[in-house]
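Worksheet for the structure shown next.
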2 protein chains.
Amino acid sequence: MASFELRDFSSDHSMLALNTATLGHNVEGHGAGWSPEQVIDACAERGYGAVTWWRREIGDRAAEIGERTRAAGLEVWGLCRSPFLTGPLAPPDRQSVLDDFHASIDMAAGLGAASLTICVGGVVEGSHSMRESLKQVTSIVAEVAPVAQAANVRLALEPLNPVYGGNRSCLTTVRDAVDMCEAIDHPAVALAIDVYHVWWDLSLASELKRAGAERIVGYHLCDWLADTQDVLLDRGMMGDGVADLRHVRAAVEAAGYDGFCEVEIFSAQNWWKRDPGEVLDTCIERFRNCC
Amino acid sequence: MASFELRDFSSDHSMLALNTATLGHNVEGHGAGWSPEQVIDACAERGYGAVTWWRREIGDRAAEIGERTRAAGLEVWGLCRSPFLTGPLAPPDRQSVLDDFHASIDMAAGLGAASLTICVGGVVEGSHSMRESLKQVTSIVAEVAPVAQAANVRLALEPLNPVYGGNRSCLTTVRDAVDMCEAIDHPAVALAIDVYHVWWDLSLASELKRAGAERIVGYHLCDWLADTQDVLLDRGMMGDGVADLRHVRAAVEAAGYDGFCEVEIFSAQNWWKRDPGEVLDTCIERFRNCC
């Protein structure tokens, strides 16, 4: 690893972004239920640098919410997310996938979001094959990439923890994600790196070096709880788990990433039940001290 | 991959071994509750080739059960397992780990088992470091390896799915397991490969080639259910999930493995509730047709 200086956030959280899933806004029936305006005001008054939204919060107000976010001094960092492209959770056919993919790009563009997150979806039903499934993902993302470029939105392929390989993401490692970027070889196609999904991978630094700075458009913070009770909705607050957060960030920054650090904590039984203001304050404190 | 011929099991299950966890015998309060004698008779009459036992079934009858197994025409393929060596589930200190590790080697030797499975344990508490945790594992296994060699027992390091990284295994990839074998460099130290843990890994074939035939002492069968309900006790029967079972076996055999295929299905809500005879019959049918 070349010599570089890790960014010092110990007394500065202007590079902290809120992913609103941290307030439970990604799942119907959970979380704070704040309006986008409440989220924006709460983040702005605390000095967050940006917000990443979920589609279900935006509806038909993309341009309005984008402008409102920026007017408060925050950037719109990302939008979650494209449809699943393959597997049991994807829309029923390729055209439906493409239609919803285009709709999500339109929304990201309306918001002025820098990137759109892609969780690619699980193994193609009946295929019993990661390779075949990844081929189908590659084909769809390659087809959509020019649309994203025209909309000025980067597509952020997010490799997910292998525990999701069956249903949510046949893209399970940074290595495979970099390979997919290289295979598609389009400037709109890049990566997002999430602590929850990659913390265990000793090849992280070398794979991110291989990706290069231009291909890393997101870095997501949370922690892995040693005794996790639910692999979907029991993520830990930074510092409460076993991940080496400083080491992961060093790998990301050594590869050239200098963007926001986006806190994204799915936590149905803990953080989503707390006062949202307390959650936002805790994220800042942990970001400064543990990340 | 060099040209090789995949073993043909379509009308021959003499290389099928039963891991008794498939009958729920690994967890108190679950499963068939059969005596070892019942297990032996049921496997022998169906033409299984070997049995892998769990320590809780053996008690102080290791030599007796080993002889009884062989008298029925079956091999004792393995014993599950050493204590966790690190992390929250390990014994409280290094000496306690070593004592129980030695006890498990003694039992494996008493049974005449070819190998003892090692699930290495999770991240060392307070360390927040996979690397530090793996170092501690390496140190313990290296210390115990000569004891195992003297007892004629191979130590089978089993990399577990990264979902267990926090509590059950900081050894999460075949790559890291091969690295650990190379670091220890002792003839008693080898690998076991389990479909459940490696099915998602596209580097499997190349890593197993790097390991070499001498270092692969176990191959475990089950399937990964796309919509798994529990990452510990909801494994699938071969053919019911999304894993490419033929591809995984091809990787193992191309690396030179020619030992038993050991079916090991933890399934509290499905297979453990069925008649054990039906389970054993189904394993044979699926082994011949799906594996």
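The values are calculated or read from the model by the stated rules, or taken from the named source; none is laboratory data. Please read these numbers as outputs of a predicted model, since none were measured by experiment. Counting neighbours? That spans all protein chains shown, and the Cβs are built from the backbone with ideal geometry, glycine included. All accessible areas refer to the heavy atoms of the entire protein, side chains included, with ligands and DNA or RNA removed. Shrake-Rupley method; radii C 1.70, N 1.55, O 1.52, S 1.80 Å.
Suppose every Lys and Arg Cβ carries +1 and every Asp and Glu Cβ carries -1, with no other charges. What dipole size does the protein assembly as shown come out with about its Cα centre, to the nearest 20 debye?
Charge dipole, the protein assembly as shown, about its Cα centre: 460 debye, nearest 20.
Can you send over the carbon and sulfur percentage of the accessible area for chain B, probe radius 1.4 Å, protein chains only?
47 percent
Rolling a 1.4 angstrom probe over the protein chains, ignoring ligands and nucleic acids, what is the accessible area of B:TRP54 in square angstrom, nearest 10?
20 Å²
Nearest beta-carbon of B to the rotation axis carrying it onto A: which residue, how many whole Å?
Nearest to the symmetry axis by Cβ: B:VAL163, 2.
I need the shape label for the stretch A:1-159. Rule: rounded when a/c is under 1.5, else prolate if a/b > b/c, else oblate, with a, b, c from the alpha carbon gyration tensor.
Cα axes put the stretch A:1-159 in the prolate bin.
Using the Cα centre of chain A as the reference point, and only Cβ charges (+1 on K/R, -1 on D/E), how large is the resulting charge dipole? Debye, rounded to the nearest 20.
It works out to roughly 280 debye.
Just to confirm my numbers, what's the Cα centroid distance between the stretch B:159-190 and the stretch A:40-57 in Å?
41 Å
Would you mind calculating the relative contact order of the stretch A:29-115 from Cα pairs under 8 angstrom and at least 6 residues apart, reporting the percent as a whole number?
RCO, the stretch A:29-115: 31 percent.
Chains B and A: what accessible area do they bury, summed, in square angstrom to the nearest 100, with a 1.4 Å probe?
In total, this chain pair buries about 2600 Å².
Label-to-label distances across copies for A:PRO91, with labels 7 Å out along Cα→Cβ, in nm, shortest first?
For A:PRO91, the inter-copy label distances come out at 5.8 nm.
Are there any residues in the stretch B:153-200 with a reduction of at least 30 Å² in accessible surface when going from the isolated chain to the assembly of protein chains? Probe 1.4 Å, please list them by number.
Buried on complex formation: B:PRO162, B:VAL163, B:GLY166, B:ASN167, B:ARG175, B:TRP199, B:TRP200.
Select from A:ALA145, A:THR52, A:PRO92 the residue farthest towards the positive end of the dipole of chain A; place +1 on Cβ of Lys and Arg, -1 on Cβ of Asp and Glu, and compute about the Cα centre.
It is A:ALA145.
Using a 1.4 Å probe, what is the accessible area per residue for the protein assembly as shown, in Å²?
For the protein assembly as shown, the solvent-accessible area averages 35 Å² per residue.
Assigning unit charges at the beta carbon (Lys, Arg +1; Asp, Glu -1) and nothing else, what dipole magnitude in debye, to the nearest 20, does the stretch B:11-159 show about its Cα centre?
Rounded to the nearest 20 debye, it is 280 debye.
Using alpha-carbon positions, what is the distance between the centroids of the stretch B:72-105 and the stretch B:212-291, in Å?
Using only Cα atoms, the two centres lie 23 Å from each other.
Kirkwood Rh over Cα pairs of the stretch B:161-291 into Stokes-Einstein at 25 °C, 0.890 mPa s: D in µm²/s?
160 µm²/s
I need the inter-copy label distances for A:ASP41: point set 7 Å along Cα to C-beta, values in nm with one decimal, smallest first.
The projected label point of A:ASP41 is separated from its counterparts by 7.6 nm.
Please compute the contact order of chain A in relative form: average sequence separation of alpha-carbon pairs under 8 Å and at least six residues apart, divided by the residue count, as a percent.
20 percent
Where the label is 7 Å out from Cα toward Cβ, how close does B:ARG246 come to the same position in every other copy, in nm, shortest first?
Copy-to-copy label distances at B:ARG246, shortest first: 5.1 nm.
From the residues B:ALA17, B:MET237, B:VAL123, which one has its Cα farthest along the dipole of chain B in the positive direction, the dipole being from +1 and -1 charges on Cβ of Lys/Arg and Asp/Glu about the Cα centre?
B:VAL123
To the nearest 10 square angstrom, what accessible area does A:ASP99 show with a 1.4 Å probe?
Accessible area of A:ASP99: about 90 Å².
Just to be sure I understand the interface: list residues from the stretch B:240-261 that lose 40 Å² or more of accessible area between the chain on its own and the complete protein assembly, 1.4 Å probe.
SASA drop of 40 Å² or more in the stretch B:240-261: B:VAL242.
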